[in-house]
Amino acid sequence: MTEQRASAAGRGTGLGLYAGVAAVLAVFVMSGVTTYLNTRTLDRNARLVMHTHEVLTRTAEILSTVKDAETGQRGYVLTGDVRYLEPYQAAAAQVDARLAELDALIGDDPDQRRHLPAVRSYVDAKVAELAETIELRRTAGFEAALAVVKNDSGKAAMDALREILGRMVDLEKERRRRRVEEMESAYAIAVTGGVVTGVLGSLLTLAVAVLL
């Protein structure tokens with residue numbers, strides 16, 4: 001009877017040992033999977049947040065470039081001094097490149113791409129108005145150029161450009177907000193998971209040691 005009880009106790013201890021080892025392994029495997037998934041989430045969202053910043057930068061550059069061109073145009077129309085055309089000429093040479101950069105950034109984003117034709121249209125309209133007034137100032141004088149400025153076609157194009165770029169900016173900012181929230185959640189889960197894994201791992205390891 002004593003031998004039988006000893007044998008049964010040994011089998012129980014062996015089963016408990018196997019169960020403890022299996023539990024330890026399960027905890028660490030689950031921890032590894034959770035860490036991997038959280039790391040992927042953090043990496044993906046970090047890249048997306050960087051992309052959002054690039055889109056925001058490009059939209060700001062487009063608006064700034066057109067405003068620089070407008071500043072040069074106004075200076076020339078008012079004074080007739082060709083030195084004021086320098087910012088206009090520099091901006092006019094850059095605006096197509098700025099649009100191409102934005103196009104490349106949002107190439108796989110249908111929500112943003114639907115705004116791009118309107119952006120191009122308003123930029124082209126504004127640049128055409130600036131070129132027209134500059135040419136009129138050169139060839140017909142101040143009053144002829146001022147008449148075109150006063151018809152507000154350039155102002156309407158600029159206001160529309162600001163509005164459509166504002167929509168794009170708002171969309172990117174909302175995306176950034178969501179992505180930052182996901183990153184914070186993933187980080188919190190990673191920290192909590194690490195603590196829980198450490199505690200459970202320690203307890204299970206202690207239990208296995210006791211069984212041994």
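Count Lys and Arg as plus one, Asp and Glu as minus one, and take only other residues whose Cβ is under 11 Å from that of residue 111; the net charge is then 0. Here the Karplus curve 6.51 cos²θ - 1.76 cosθ + 1.60, taken at θ = phi - 60°, turns the phi angles of the range 97-110 into couplings of 5, 5, 5, 5, 5, 5, 4, 5, 5, 9, x, 10, 10, x Hz, with x standing for Gly and Pro. Shown in residue order for the range 122-129 are the 3J(HN,Hα) couplings computed by the Karplus curve 6.51 cos²θ - 1.76 cosθ + 1.60 at θ = phi - 60°: 6, 4, 4, 5, 5, 5, 5, 5 Hz (x for Gly and Pro). Using the empirical formula 2.2 N^0.38 Å as the baseline, the Cα radius of gyration of the range 82-179 reaches a ratio of 1.31.
Karplus-derived 3J(HN,Hα) values for the range 63-74, using 6.51 cos²θ - 1.76 cosθ + 1.60 with θ = phi - 60°, are 5, 5, 5, 5, 5, 4, 4, 5, 4, x, 4, 5 Hz; glycine and proline are entered as x. Distance distribution P(r), the range 75-118, all Cα-Cα pairs, bin width 10 angstrom from 0: 25, 32, 21, 18, 4 percent.
Full extension of the segment from residue 44 to residue 78, taken as 0.36 nm per residue of separation minus the current Cα-Cα distance, would add 7.1 nm. When 122, 76 are compared by accessible area of protein heavy atoms, the largest-first order is 122, 76, using a 1.4 Å probe.
Would you work out if the range 90-141 is rounded, prolate or oblate? Take a ≥ b ≥ c from the square roots of the eigenvalues of the alpha-carbon gyration tensor; rounded if a/c is under 1.5, else prolate when a/b is larger than b/c, oblate otherwise. In terms of gyration-tensor shape, oblate. Applying 1/(1 + (r/R0)^6) with R0 = 30 Å to the Cβ-Cβ distance of residue 100 and residue 180, what FRET efficiency is obtained, to the nearest 0.05? With a Förster radius of 30 Å, E is 0.55.
Using 0.36 nm per residue, how much length does the chain from residue 163 to residue 128 gain when fully extended, once their Cα-Cα distance is taken away?
10.7 nm
Maximal additional length on extending the residue 156-residue 114 stretch stands at 13.1 nm, based on 0.36 nm per residue less the C-alpha distance.
Each label was represented as a point 7 Å from its Cα along the Cα-to-Cβ direction; for residue 121 and residue 171 these points are 1.5 nm apart.
The values are calculated or read from the model by the stated rules, or taken from the named source; none is laboratory data. In this text, all values refer to a predicted model and were calculated from it rather than measured experimentally. All Cβ positions, glycine included, derive from the backbone under ideal geometry; neighbour counts span all protein chains shown. Calculation scope for accessible area: heavy atoms of the full protein, side chains included, ligands and nucleic acids excluded. Shrake-Rupley method; radii C 1.70, N 1.55, O 1.52, S 1.80 Å.
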